[in-house]
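The values are calculated or read from the model by the stated rules, or taken from the named source; none is laboratory data. None of these values were measured; they are calculated from a predicted model. All Cβ positions, glycine included, derive from the backbone under ideal geometry; neighbour counts span all protein chains shown.
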Amino acid sequence: MDPVEEYRMPLLEHLHELRDRLIKGLAALIISFFVSFFFSNQIFDWLVAPMDVALKLNGRGTLAMMDTAEGFMVQMKISGFAALFFSSPVLFWQIWRFISPGLYSTEKRWVAPLVGSSTTLFLAGGGFAYYIVFPFSFPVMLAVPGENVEAVLSIDKYLTFATTIIVAFGISFQLPIVVWVLARLGLIDHIDMIKGFRYSIVLIFIVAAVLTPPDWFDQVLMAVPLVVLYLVGIVVARFATTKTREPSPE
């Protein structure tokens, strides 16, 4: 009997397992949220630093609180954003532990490395957005309206924008992990990815256009690392795939 079929859970057990994983993930998020709330001022200073630098380079403009409750709402959003990153190892662990019963016994030893890889790529994606994309894109955005326009930016809208971009990059950097899973399931191999490269480039730029502001500069900054990750995915698929192909006729 197939070892995966042998370990197949009834639907009710799957639901119980899903509930337990969700509770543990939610608990990690809540604990991280309260810890982050105490450091929300420091996290705020870190998040607004790239825009502060861009405003100084621009020579005009400021971040401002536009509403009485905006300061409190910003603290809540910052805490939620930080909690997502701080709890990411636990969240990825719960996700992969939920998936692991569907893996072969030889593949289950990859769960811990996959958790580490998922967390590392998530943090790397967020770091790329903060340290590479923001310093290049913010000055360009502020310069677009011209010299006669002074930027008065809502801190709530700015932080919503910044945290959305950081999380989007973190998620998009999971591409090699997605490729590994699809390859292990036998759905794709490196040949499929090479053949679909041209179409994938178009899809990557569409995704970049959806996730980034409506200007080509930020789209390119997001698309380029995704193309690199796609190329990495080809190598991953080459060694991870379980897909079998018919031998080509002589």
Where residues in the stretch 46-72 are loosely packed, with under 14 Cβ neighbours inside 10 Å and hydrophobic (A, V, I, L, M, F, W, C), which of them is nearest to the chain's Cα centre (by Cα)?
46
Scope the stretch 172-185; condition in contact with a helix residue (DSSP H, G or I) (Cβ under 7 Å, 6 or more places away or on another chain) and not in a loop (DSSP other than H, G, I, E, B); matching residues:
172, 175, 176, 177, 179, 180, 183, 184
Is there a residue in the stretch 203-219 that is charged (D, E, K, R), surrounded by fewer than 19 Cβ atoms within 10 Å (Cβ to Cβ) and farther than 23 Å from residue 48 by Cα?
no
For the stretch 230-247, does any single residue satisfy the condition of being touching a Leu at 6+ places or on another chain (Cβ under 6 Å), modelled with pLDDT under 85 and farther than 27 Å from residue 123 by Cβ?
no
State which residue is modelled with the highest pLDDT when the search covers only the stretch 130-163 and only residues that are within 22 Å of residue 230 (Cα to Cα) and surrounded by fewer than 17 Cβ atoms within 10 Å (Cβ to Cβ).
131
Does any residue in the stretch 118-140 that is without any contact (Cβ under 8 Å) to a residue 40 or more places away in the chain come within less than 7 Å, Cβ to Cβ, of a residue that is surrounded by fewer than 20 Cβ atoms within 10 Å (Cβ to Cβ) six or more places away or on a different chain, and which pairs are these?
119/89
Complete set of residues in the stretch 20-45 that are surrounded by 13 or more Cβ atoms within 10 Å (Cβ to Cβ) and among the aromatic types (Phe, Trp, Tyr):
33, 37, 39, 44
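Any chance the stretch 73-95 includes a residue that's hydroxyl-bearing (Ser, Thr, Tyr), surrounded by 14 or more Cβ atoms within 10 Å (Cβ to Cβ) and within 29 Å of residue 15 (Cα to Cα)?
Scanning the stretch 73-95 turns up at least one residue that is hydroxyl-bearing (Ser, Thr, Tyr), surrounded by 14 or more Cβ atoms within 10 Å (Cβ to Cβ) and within 29 Å of residue 15 (Cα to Cα).
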Report yes if residue 119 is of a type outside the set (A, V, I, L, M), in a helix (DSSP H, G or I) and buried (at least 19 other Cβ atoms within 10 Å of the Cβ), otherwise no.
no
Any pair with Cβ under 8 angstrom, 6 or more apart, that starts in the stretch 168-192 at a residue that is over 20 Å from residue 96 (Cα atoms) and ends at one that is of a type in the set (Phe, Trp, Tyr):
169/128
Pairs under 7 Å by beta carbon, first residue free of Cβ contacts under 8 Å to residues at least 24 places away in the same chain in the stretch 73-85, partner in a helix (DSSP H, G or I), six or more apart or different chains?
none
